[in-house]
Amino acid sequence: MNALGMGRILDGLIKLALKSPLERERDLHSRQRELSAGIDESPNDMTRYVLRGELYLERREHELALADFERAVELAERLDDAKGWNIVEQVMRDRALYGLKVARGELR
């Protein structure tokens, strides 16, 4: 994912906090569709799995979030084995591990 795409997604998430519940739900659904389309195009993009998992958590869809976070961790392990780490991948892996704990109910 390029910086422009990431900036657009992050900007949208910030704007979510300022909207009505109906607008917020519509935006979450729209972002979910965008992330899912991006995953279809680039199924090895760990960042999109983490962002979609976080959206699923926001919508209290813990099973779907769990699946996305597990996939992100799996992709992170492949990068670790290939020594393909950079800061973004490290942060996304940490966010996925945290998301797994939240989705499993280990954190409140």
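Derivation of every value follows stated rules applied to the coordinates shown; laboratory data play no part. Being a predicted model, the structure only gives us computed values, none of them experimental. A quick note on method: Cβ atoms are made from the backbone with ideal geometry, for glycine too, and the neighbour counts reach across all protein chains shown.
From most to least packed by mean Cβ count within 10 Å, the peptides 32-42, 49-59 give 49-59, 32-42. Taking every pair of distinct Cα atoms and averaging 1/r, then inverting, what Kirkwood hydrodynamic radius in Å comes out for the chain? That comes to 14.2 Å for the chain. Residue by residue, the range 63-72 carries 3J(HN,Hα) couplings of 5, 5, 4, 4, 4, 5, 5, 4, 5, 4 Hz when phi is fed to the Karplus relation 6.51 cos²θ - 1.76 cosθ + 1.60 (θ = phi - 60°); x denotes Gly or Pro.
For the peptides 87-100, 62-75, the ranking by mean Cβ contacts within 10 Å, running from highest to lowest, is 62-75, 87-100.
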